[in-house]
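Read through the structure below, which is laid out as structure tokens, and then see the notes.
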Amino acid sequence: MKHRSKLFILSSYFILALLAFSNTAAAQKNKIEKITKFIKKKRINAAYVMFGVSRLNMTQLNSYLESSDLPEVDEYYFSYGLGGHVIHNKFVVGLEIVRTFEKHSLETDGFRTSTRSKYGVLNFGYLLRSKKGLMHYPYLGVGIGKLVLRTTENNIKSFDDITGYQKGSESSTTNFLLNLGFGVDYFYKYNEKKKGQNNLVIGIRIGWIFSPVRNDWRVNHIRVPDGPDSGISGPYLRFTIGLGGWIEKLIKKAI
């Protein structure tokens, strides 16, 4: 009798585990079917490269550099990056990753400075107008960015001098960012019935990116409490070129 009771208990546990596994498998299958169904709906989407110009507010940083007899940095930078967005029911969701080319200052008293920046933002917008492949939309984005300042002393005369070359620093500040802008895209040979088709997409972005809060600086990876109130903040103008239909193709391959 005891043997039968144990067998009954083990069988019950096995059946319960099997039912739980079946429910979990069914739930996972249901989720996958929902994702697949969502992706199969053709939406307006595009992936593209970006290039343009950005102006960064370096007023306080340059005041600090000037008071320290160091060369000032420029405020205008060429930028490049990658991006993409999806438009569904007039709502726009996009991601952009942007970098600025490193820019070097003129040498002053044997010193030189250089700056570069990078940031990524997630944008949310609303389609105001769509006509014959031409689309207009404002957007607001949130993200994070990093500004890097390098200071070096150019007094090396030969390769042997690198052993004693320690006069230099790298400073950086990382900021939470808000991105406010307006975008215009043109989908070449756009067909309303084939929103996911592969077609050429060109566009333009104009906006202003800024940090609502001030962050500390790091000098040679060491956090310091003081520092200028400068970061990734200022207007930008960017042009985009890419292909429509690529976002959903990449998602389909991923799952």
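The packing ranking, built from the mean of other Cβ atoms within 10 Å per residue, places the peptides 95-107, 170-182, 215-227 in the order 170-182, 95-107, 215-227, highest first. Where the alpha-carbon atoms of segment 45-120 are placed on the principal axes, they occupy 58, 20, 14 Å, in descending order. Mind grabbing the base-10 log of I(q)/I(0) for segment 44-254 at q = 0.15, 0.16, 0.19 Å⁻¹? Debye formula, identical points on the C-alpha positions, no solvent, two decimal places. Cα-only, vacuum Debye calculation for segment 44-254: -0.92, -0.99, -1.26.
Where a number appears in this text, it was derived from the coordinates with a stated rule and is not lab data. As the structure is a prediction and not an experimental result, all values here were calculated from the model. As a convention, Cβ positions derive from the backbone with ideal geometry for all residues, glycine included, and neighbour counts pool all protein chains shown.
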